[in-house]
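What follows draws every value from the coordinates through simple rules; no lab data is involved. Keep in mind that what you see is a predicted model, and the values were worked out from it rather than measured. Reconstructed Cβ throughout: ideal geometry from the backbone, glycine too, with neighbour counts over all protein chains shown.
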Amino acid sequence: MKMMRTITILKMSVLSLSLAIGVSHLAHAEKNVFSTSSTDQKQWVGQTAPDFRLQDQNGKWHQLKDFQGKWLVLYFYPKDDSPGCTQEANRFKALAPQFTQSNAVVMGVSLDDVASHKKFSEKLGLPFPILADSDHQLAEKFGIVRNLGLIKIAKRESFLIDPKGTVVYHYSSVDTQNHADEVLKDVKRLQQKK
């Protein structure tokens with residue numbers, strides 16, 4: 001009996017030690033992934049934006065070259081019709097006329113498909129395209145795909161691209177309530193510099 005108890009205690013100790021080592025390795029790996037990701041994100045500013053060819057909620061195709069001569073806001077969001085994504089889309093919708101006056105095009109992007117985007121866009125009455133990056137081509141290029149086990153989503157991050165196609169801002173931390181306002185201010189400020 002005493003021997004069984006000793007073996008059980010030993011097994012539990014080994015299991016606890018294994019868990020502690022595993023968690024330590026996971027935390028270290030996670031730290032490295034985030035460090036690399038953070039470094040990669042900073043590398044986008046000043047770089048040419050990656051090319052893309054994606055459909056919007058109405059099935060219309062869009063490419064980066066279509067927006068030469070205009071400011072382009074690509075705001076990535078995780079999921080159609082979720083609370084934060086709805087709030088962010090509504091804020092861009094409210095400011096859409098001001099973006100247009102500033103020679104800027106706003107485009108939402110998520111990994112949802114065209115049908116999902118159509119439903120979401122019609123529900124909110126969005127006046128701008130939302131691109132279906134269903135095969136993750138653009139989100140992967142920007143390095144912002146988050147793997148949640150069986151599903152993948154785009155991280156909530158945005159990129160401001162100047163009229164020549166260069167990334168001038170990468171917003172890696174986004175507050176859905178005031179992000180659209182922040183981007184609009186940046187567009188106007190950058191236009192005054194040119």
message = Past 29 Å, Cα to Cα: identify those pairs from 60/152; 118/152; 119/164; 60/93; 141/188, in the order given.
response = 119/164
note = Sorting 97, 172, 153 by the position of each Cα along the dipole of segment 53-193 (Lys, Arg +1; Asp, Glu -1; all at Cβ), the one nearest the positive end of that ordering is 97
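Given charges of +1 on the Cβ of Lys and Arg and -1 on the Cβ of Asp and Glu, with all other atoms neutral, how large is the dipole of segment 53-193 about its Cα centre, in debye to the nearest 20?
Values: 20 positive and 17 negative charges, 63 e Å.
Around 300 debye, computed over segment 53-193.
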key: Long-range amide H partners of residue 131 with built H, under 5 Å   = 108, 109, 110
note = Ordering 64-70, 185-191 by per-residue average of other C-beta atoms within 10 angstrom, highest first, gives 185-191, 64-70
ask   = Mean projection of the alpha-carbon convex hull of segment 53-193 over all orientations, in nm²?
value = 7.8 nm²
task = Kindly work out what percent of the DSSP beta bridges joining two residues of segment 73-180 are antiparallel, to the nearest 5.
result = 60 percent
